[in-house]
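Chemist: First, the structure itself, so that you have it in front of you.
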Amino acid sequence: MTTIAVSGKGGSGKTTIAAMMIRCLIEQKKADAVLAVDADPNSCLGITLGVEPKGVVADIRENVRSKEPSNTGMDRLRTVEYGIQQAVTEARGFDLLTMGRPEGPACYCAVNNMLRKFMDNLSSRYRYVVIDNEAGMEHLSRRTTNNVDQLFIIAEQTPIGSVTAERIFTLATKLPIAVKKINVIWNKCNVNSESYLSGNIETAGNVLYDNDVVNNSNQGKTVFELAEDNPAYLEISRIIKKM
């Protein structure tokens, strides 16, 4: 199993690129099915992929935590296992799991441990797992998964985008999980933008600004409706093939 995590600040095009990667893996026949995990509280990955989530993991977490203390640990385990099974939305070539809103102020340690156990079990059934994260990578920091093979930081071709990429890179190196490789993908580019970085992060690719991608998103279309020869999609395909 290979786990790909995608992170970046809002508006960077992170979710669109994560969806493109999922399409690439399907069309390159890298696996029978890809597990797409929407770990951004905004939960837009399903929309970009054209799938309506059947449920969210956040509801499972709250349901388990609200159970009376008299409930046995086995009852809670069954609730988590059944909830995750029900929350997985099946689609053509991929399955979608939506995490939902972040935790409240209470302690969720026990519930998170149970969730992580079944998340690991679920992920092991797929050759590829693609996780769309928020910039703060809250779900990864809570150890939603134990290992990430490839983290792609999506950033715009601006000095602010460079600073954001560096901050996400620093955060990723301090996570209590193994992140094997970290690269930045410059999005909405006009020219090569590697010079914006200080040298800590290798550039995986440069995605040029594309009107078709923007119009596709504005019209509520999915990434599967982009032309196969769309320049942005071709660049993401190149990155995935190289990976």
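The values are calculated or read from the model by the stated rules, or taken from the named source; none is laboratory data. Computed from a prediction, not measured in an experiment: that's the story for all the values here. Neighbour counts run over all protein chains shown; Cβ positions are idealised from the backbone, glycine included.
Chemist: Write out, first by first residue and then by second, each pair whose Cβ atoms fall under 7 Å of each other, whose residues are 6+ apart or on separate chains, and whose first residue, in segment 168-185, is farther than 18 Å from Gly10 by Cα while the second is part of a helix (DSSP H, G or I).
Modeler: As it stands, the answer is Leu175/Leu140; Leu175/Ser141; Ile177/Leu140; Val179/Ala172; Ile182/Phe169; Ile182/Ala172, since those pairs meet every condition given.
Chemist: Of all residues being in a loop (DSSP other than H, G, I, E, B) and over 14 Å from Thr222 (Cα atoms) in segment 3-24, which is nearest to the chain's Cα centre (by Cα)? Just the residue, please.
Modeler: Across segment 3-24, the extreme among qualifying residues is Gly8.
Chemist: Just the residues that are charged (D, E, K, R) and at pLDDT below 90, please, taken from segment 168-195.
Modeler: Once the filter is applied, which keeps residues that are charged (D, E, K, R) and at pLDDT below 90, segment 168-195 yields Lys174, Glu194.
Chemist: Which of the residues belonging to segment 209-221 are part of a loop (DSSP other than H, G, I, E, B) and in contact with a helix residue (DSSP H, G or I) (Cβ under 6 Å, 6 or more places away or on another chain)? Before the answer, list the steps.
Modeler: Residues of segment 209-221 part of a loop (DSSP other than H, G, I, E, B): 209-210, 219-221.
Result: Asp210, single match.
Chemist: Can you tell me which residues in segment 23-43 are out of contact with any Pro (no Cβ under 6 Å at 6 or more places or on another chain) and surrounded by fewer than 18 Cβ atoms within 10 Å (Cβ to Cβ)? Steps first, please.
Modeler: Start the filter on segment 23-43 by keeping residues that are out of contact with any Pro (no Cβ under 6 Å at 6 or more places or on another chain), which leaves 23-40, 42-43.
Glu27, Gln28, Lys29, Lys30, Ala31, Asp32, Ala33, Asn42, listed by residue number.
Chemist: Between residues in segment 206-217 that are without any contact (Cβ under 8 Å) to a residue 24 or more places away in the chain and residues that are surrounded by 15 or more Cβ atoms within 10 Å (Cβ to Cβ) and of a type in the set (D, E, K, R), which pairs lie under 6 Å by C-beta distance while being six or more apart or on different chains?
Modeler: Tyr209/Lys188
Chemist: Still on this structure: Restricting to segment 81-100, count the residues that are closer than 14 Å to Leu25 by Cβ and charged (D, E, K, R).
Modeler: Number of matching residues: 2.
Chemist: Could you list, in sequence order, the residues of segment 10-36 that are charged (D, E, K, R), modelled with pLDDT under 95 and within 22 Å of Ser124 (Cα to Cα)?
Modeler: Result: Glu27, Lys29, Lys30, Asp32.
Okay, residues lined up against (1) modelled with pLDDT under 80; (2) within 16 Å of the chain's Cα centre (by Cα); (3) part of a loop (DSSP other than H, G, I, E, B):
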| position | (1), (2), (3) |
| --- | --- |
| Glu103 | yes, no, yes |
| Ala106 | yes, no, yes |
| Met119 | yes, yes, no |
| Glu166 | no, no, no |
